[in-house]
Amino acid sequence: MSRSTAKATFTRLYAKVCQEDGAFTVSIRLQNHLKPAETACGEEVVNTIEMASSMIGNLAAQFSIPQECISINIRMENVRGGTLH
């Protein structure tokens, strides 16, 4: 995070996790719903869904964003491949 982003106050976190070719692309948008000009976006590729989840959780904790203000969209290559039946 840049220095200006570190000083910003965010109230919403939107995350999209997409699995492609065995890796996970995490796209994040942070927003202050009271000051729409205060937004930050980023994208990073990680190796596991656990790393993606941790990244999202760490950002939420860093900016004190409550669970009900977090939206996560997950798109898996093979939804059934990782589930237990």
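Quick note: the coordinates plus some simple rules give every number you see, no bench work behind them. Since we're looking at a predicted model, the values are computed, not measured. For neighbour counting, all protein chains shown are included, and Cβ atoms are generated from backbone atoms with ideal geometry for every residue, glycine included.
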Legend entry - Separation of the ALA37 and ASN78 label points, Cα + 7 Å toward Cβ, nm: 5.0 nm
Inset, instruction - Could you order peptides 29-38, 49-58 by the average number of other Cβ atoms within 10 Å of their residues, highest first? - result: 49-58, 29-38
